[in-house]
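What follows is a set of notes on a single structure, which appears directly below.
The values are calculated or read from the model by the stated rules, or taken from the named source; none is laboratory data. Remember, predicted model here, so these are calculated numbers, not experimental data. Cβ placement follows ideal geometry from the backbone for every residue including glycine, while neighbour counts extend to all protein chains displayed.
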Amino acid sequence: MSDIPSCLPAAKHSLLAFRGPDAVRYLNGQLTQDVRKLEDKALPACVTDAKGKLQFFVHVFRGQDDSIWIEGPANLAEELEARLTRYLIADDVEVENLSEAWQLVHVPGAATSPEAADGFARKASRIGIEGFDLWVPTGTEIPYPALSTEEAEAARIAAGVPAWNAELTEGMLPPEAGLDRNAISYHKGCYIGQEVLSRIKTAGKVNRRLARFTVPAGVKPGDELQLPDAEKSAGVITSVSPVADPSGEFAALGYVEKAGFESREFRDPGAGALITLNALL
């Protein structure tokens, strides 16, 4: 990397701030992540329903005034706020929507914390590379060159990082996407959906798993995967890198059904292509 690190392309986000003496305790009952252990990091977390199914994928961190900030998809700001405030009854918690007031600058690979006059930084990993989230007031000039959308997407897919509206969708079970590795605490106590997710961990089984593939040109998100000797669906491609590797093939992400867990080759009948599975994630 150069001496001046690059940042991810600008994007909008929903942003909520939770303040008050009950904020940490309340949010620990709403999120899969342990809010007590944030320190100087922005951590991934899931918002799940009573059946353990994904409703939102977010990042949670401490804001400027030691409040708890939650960042999620921009187009779901109202829904996220409604869900996260639904169970506030007698809790001493104030909630503020900061979606229009702050912008996120993620700097992957930065060796030291980035600085801005009116902003603050938290350690974070968003595309599989350790770095920092820099939060600055909306309209602040960004002092870093931006990666292209293609470069950022290629890095994410190569690292096997699931994205909202691609690998992560409402109604799925978070362990299917490997989110149990870094977005779910199994030791903090009760939260909505905790019983189901704990049973999945104990059983050690899911019906499908996120996987990383190598695919030829012509394969696209939404393509069905089949086992070489069967016509039954065994998975689906969800993301394909926009950048080819030196051999002219592309990294891709997708889901493999249980019947295909032991296979390393699949057919894409739509593209007429053979697909190589590199790793279950």
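Please go through the range 262-278 and give me each residue that is closer than 10 Å to GLY235 by Cβ and under 24 Å from the mean Cα position of the chain (by Cα), ordered by number.
Selection gives LEU277 alone.
Just give me the residues in the range 148-198 being aromatic (Phe, Trp, Tyr) and crowded, with 21+ Cβ neighbours inside 10 Å, in sequence order. Let's see the steps before the verdict.
First pass over the range 148-198, keeping only residues aromatic (Phe, Trp, Tyr): 164, 186, 191.
Across the range 148-198, the qualifying residue is only TYR191.
Does any residue of the range 162-180 turn out to be under 30 Å from VAL243 (Cβ atoms), outside any strand (DSSP E or B), aliphatic (A, V, I, L, M) and out of contact with any Leu (no Cβ under 9 Å at 6 or more places or on another chain)?
Going residue by residue through the range 162-180, those that are under 30 Å from VAL243 (Cβ atoms) are 162-170, 172, 174-180.
Narrowing the set further to residues that are outside any strand (DSSP E or B) leaves 162-163, 165-167, 169-170, 172, 174-180.
Among the residues that remain, those that are also aliphatic (A, V, I, L, M) are: 163, 166, 172, 177, 179.
If we keep only those that are out of contact with any Leu (no Cβ under 9 Å at 6 or more places or on another chain) too, we end up with none.
No, that holds for no residue.
What about LEU31, is it touching a residue at least 12 places away in the same chain (Cβ under 8 Å), over 23 Å from SER113 (Cβ atoms) and of a type in the set (A, V, I, L, M, F, W, C)?
yes
Quick one: which of THR140, THR202, THR214 is assigned by TED's automatic domain parsing to the domain that holds LEU280, among the hydroxyl-bearing types (Ser, Thr, Tyr) and farther than 17 Å from ALA42 by Cβ? So that I can check it myself, show each step before the final result.
Numbers: THR140 fails: assigned by TED's automatic domain parsing to the domain that holds LEU280; THR202 fails: assigned by TED's automatic domain parsing to the domain that holds LEU280.
Just one listed residue meets the conditions, THR214.
Within the range 112-119, is even one residue under 22 Å from ASN28 (Cα atoms) and either assigned by TED's automatic domain parsing to the domain that holds HIS59 or in contact with an Asp or Glu (Cβ under 6 Å, 6 or more places away or on another chain) (or both)?
Keep residues of the range 112-119 that are under 22 Å from ASN28 (Cα atoms), which gives none.
Checked the range 112-119: no residue is under 22 Å from ASN28 (Cα atoms) and either assigned by TED's automatic domain parsing to the domain that holds HIS59 or in contact with an Asp or Glu (Cβ under 6 Å, 6 or more places away or on another chain) (or both).
Got at least one residue in the range 34-57 being surrounded by 19 or more Cβ atoms within 10 Å (Cβ to Cβ), at negative phi and assigned to a helix (DSSP H, G or I)?
The answer is yes, given that some residue of the range 34-57 is surrounded by 19 or more Cβ atoms within 10 Å (Cβ to Cβ), at negative phi and assigned to a helix (DSSP H, G or I).
Every residue in the range 240-255 that is farther than 13 Å from GLY160 by Cβ and either in contact (Cβ under 8 Å) with a residue 24 or more places away in the chain or surrounded by 13 or more Cβ atoms within 10 Å (Cβ to Cβ) (or both), please.
Of the range 240-255, the ones farther than 13 Å from GLY160 by Cβ are 240, 242-250.
Matches in the range 240-255: VAL240, PRO242, VAL243, ALA244, ASP245, GLY248, GLU249, PHE250.
So TYR191 passes all but one of these: (1) of a type outside the set (Lys, Arg); (2) under 24 Å from ARG86 (Cβ atoms); (3) outside any loop (DSSP other than H, G, I, E, B); (4) in contact (Cβ under 8 Å) with a residue 60 or more places away in the chain. Which condition number does it fail?
Evaluating TYR191 over (1) of a type outside the set (Lys, Arg); (2) under 24 Å from ARG86 (Cβ atoms); (3) outside any loop (DSSP other than H, G, I, E, B); (4) in contact (Cβ under 8 Å) with a residue 60 or more places away in the chain leaves (3) as the failure.
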